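Comments concern the structure below.
The values are calculated or read from the model by the stated rules, or taken from the named source; none is laboratory data. Bear in mind that the values here come from a model prediction, so they are computed numbers and not experimental data. Here the Cβ is made from the backbone with ideal geometry for all residues, glycine too, and neighbour counts use every protein chain on show.
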Amino acid sequence: MKGKVVLVGAGPGDPGLITVKGLMELRRADVVVYDRLVARELLEEAPKGAELVYAGKEPGRHHMTQEEINELLLDRALKGLHVVRLKGGDPLVFGRGEEECLYLASRGVECEVIPGVPSYIYASSRALAPLGSRLGSHSYTVTTGVLAGGRPNPALPELLKASDTLVLLMAAGRASEVLGTASRMLGPGAPGVVVYRGAMPGEKVYHGTVEELARLHARGEYGNPSVIILGGAARVAGRMQAALHGTR
């Protein structure tokens, strides 16, 4: 009898941000295949004796290739085991969850996806930068700063023009280039926010202009993982910060 693979979004880092349904699946897993940014406290929720497999990826270094992960999930499912693929954030937001599900489905294995809180949603809330707001962010675009193979995202100039707010994931490694593009398109004084290590130990939130955020990056104040928010939402965040500061 074939097992099943459940892709569970663990949220952005804080173990308390996993969904109840995701936690229930984790608590009955035979195998847990987990990513680098998953809170280690969540692994303690797996049943005693469950197989825990680290499949972490970071820029320039992968503990397992995507092909190896796919084969591992298939192997355990074909053995009749209940497999939880535990991913940081949400499995389908630049998480390659769709690739894993397609691989499994093409080989006759059931795959279910349980959503998680994406890192950019947490960053928006933590920085008080509303992605949808009548005060100045009527639309937003979420994209990645780096494409497959480490190539810069060539669509950034057009995306900066097209949306009130641009949210960049996996862009801190190229922050100087990304913020340089933003400076040319929006101006060096355009507002921005960076949330570094959101919902994890060492979290930092930076509000400032594009120029100021570029200087912070040059000084090594932030790196991966970071969420960068530019434009309207960051402008509203500045107003909220000023209002809250004024009430103290």
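Quick notes on this one:
- Ser163, sole failed condition from (1) more than 23 Å from Leu37 (Cβ to Cβ); (2) of a type in the set (Ser, Thr, Tyr); (3) free of Cβ contacts under 8 Å to residues at least 40 places away in the same chain: (3)
- Of everything in segment 107-139 that is polar (S, T, N, Q) and part of a strand (DSSP E or B), the residue that is farthest from Val227 (Cα to Cα) is Ser133.
- Restricted to segment 166-191, and to residues there that are over 17 Å from Thr141 (Cβ atoms) and touching a residue at least 40 places away in the same chain (Cβ under 8 Å), the residue that is nearest to the chain's Cα centre (by Cα) is Ala172.
For (1) buried (at least 20 other Cβ atoms within 10 Å of the Cβ); (2) of a type outside the set (Ser, Thr, Tyr); (3) over 27 Å from Ala243 (Cα atoms), each residue gets a yes or a no:
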{"site": "Pro91", "(1), (2), (3)": "yes, yes, yes"}
{"site": "Leu104", "(1), (2), (3)": "yes, yes, yes"}
{"site": "Glu110", "(1), (2), (3)": "no, yes, yes"}
{"site": "Arg126", "(1), (2), (3)": "no, yes, no"}
{"site": "Ala129", "(1), (2), (3)": "yes, yes, no"}
{"site": "Pro152", "(1), (2), (3)": "no, yes, yes"}
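- Tyr54 being touching a His at 6+ places or on another chain (Cβ under 9 Å), modelled with pLDDT of 95 or more, outside the structural domain of Ala182 (by TED's automatic domain parsing) and farther than 29 Å from Ala182 by Cβ: yes
- Gly202 meets the conditions (1) more than 12 Å from Ala175 (Cα to Cα); (2) touching a residue at least 24 places away in the same chain (Cβ under 8 Å) in every case but one. The failed one is (2).
- Val83 meets each of the listed conditions (1) crowded, with 18+ Cβ neighbours inside 10 Å; (2) farther than 18 Å from Lys4 by Cβ apart from (2).
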